[in-house]
1. Consider Glu57 carefully, then state whether it is modelled with pLDDT of 90 or more, among the charged types (D, E, K, R) and in contact with a strand residue (DSSP E or B) (Cβ under 7 Å, 6 or more places away or on another chain).
2. Do you know which residues across the stretch 88-116 are of a type in the set (D, E, K, R) and either assigned to a helix (DSSP H, G or I) or at pLDDT 90 or above (or both)?
3. Name every residue in the stretch 144-166 that is surrounded by fewer than 18 Cβ atoms within 10 Å (Cβ to Cβ) and farther than 11 Å from Tyr99 by Cβ, in order of residue number.
4. Quick one: in the stretch 161-183, of everything that is among the polar types (S, T, N, Q) and free of Cβ contacts under 8 Å to residues at least 24 places away in the same chain, which residue is nearest to Asn111 (Cα to Cα)?
5. Here's a check for you: in the stretch 136-160, which residue that is touching a residue at least 60 places away in the same chain (Cβ under 8 Å) and not aliphatic (A, V, I, L, M) is farthest from Ile56 (Cα to Cα)?
6. So, Tyr75, is that one hydroxyl-bearing (Ser, Thr, Tyr), exposed (fewer than 15 other Cβ atoms within 10 Å of the Cβ) and either at pLDDT below 85 or under 20 Å from Phe170 (Cα atoms) (or both) or not?
7. Out of the residues in the stretch 117-139 that are of a type in the set (Gly, Ala, Ser) and in a helix (DSSP H, G or I), state the one that is nearest to the chain's Cα centre (by Cα).
8. Working only within the stretch 59-111, note down all residues that are of a type in the set (Asp, Glu) and in contact with a Ser or Thr (Cβ under 9 Å, 6 or more places away or on another chain).
Amino acid sequence: MKWLYKTVLVVVILVSFYGCSKKVEPRKPITNTTSSTIQESIEINKKLYAAEEEAIETIIKDLDQQFERGSTGFYYMFTKKDSVSGIQPKFGDRVTFEYDVTSLNGEVIYNKEDLSPITKSLEQEYGVFRGMREALKLMQTNEEMIVFFPSYAAYGYYGDQNLIGPNTPFKSRVRLLGINVEN
């Protein structure tokens, strides 16, 4: 019996050593991101950007009005501008504004009653997309403008997850109702 006990013990020890001596190989990732995949994505985004720019510039040219280009790629034109120089909102200020959203072919996506009025801080990421924050910084109280937002300056790849789809450029009429300057 002692002999059987020793044999089992030796077998267990040998199996343990054999199991521990195996070289551990790391798991391979499920998906590999290669530079070619990233390069393809860059090319697709460049084509999308160019198509949106061309569509917006064609519409603007047909309107025969003078639009300016904002710092983040949107196009704007004041429809009501205050001739007296006043304060413009800056980063950190709270603004109250109203706006609507219309597709480039003229279909109403959101009317201003659906969205307005909105009071937000210009430093908040949530609730005010990048292009709108930059457009509001150009305005004074009671001024109005028409803005064409390319998708990358608006809701981008995800859309607003409601009525504005992914990669959707749009036109908006914006009116700044008030500025609460933060110190």
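The values are calculated or read from the model by the stated rules, or taken from the named source; none is laboratory data. Since the model is a prediction, treat every value here as computed from it, not as a measurement. With ideal geometry, Cβ positions are generated from the backbone for all residues, glycine too; neighbour counts draw on all protein chains shown.
1. Working: modelled with pLDDT of 90 or more: yes; among the charged types (D, E, K, R): yes; in contact with a strand residue (DSSP E or B) (Cβ under 7 Å, 6 or more places away or on another chain): no.
Judged against the criteria, Glu57 is not a match.
2. Quick first cut of the stretch 88-116, residues of a type in the set (D, E, K, R) only: 90, 93-94, 98, 100, 107, 112-114.
Within the stretch 88-116, Glu98, Asp100, Glu107, Lys112, Glu113, Asp114 meet the criteria.
3. Across the stretch 144-166, the qualifying residues are Gly156, Tyr157, Tyr158, Gly159, Asp160, Gln161, Asn162, Leu163, Gly165, Pro166.
4. Only one residue fits best here, namely Asn162.
5. Result: Asn142.
6. no
7. Per the criteria, the residue is Gly131.
8. So the first thing to find is which residues in the stretch 59-111 are of a type in the set (Asp, Glu), and the list is 62, 64, 68, 82, 93, 98, 100, 107.
Of everything in the stretch 59-111, those that are of a type in the set (Asp, Glu) and in contact with a Ser or Thr (Cβ under 9 Å, 6 or more places away or on another chain) turn out to be Asp82, Asp93, Glu98, Asp100.
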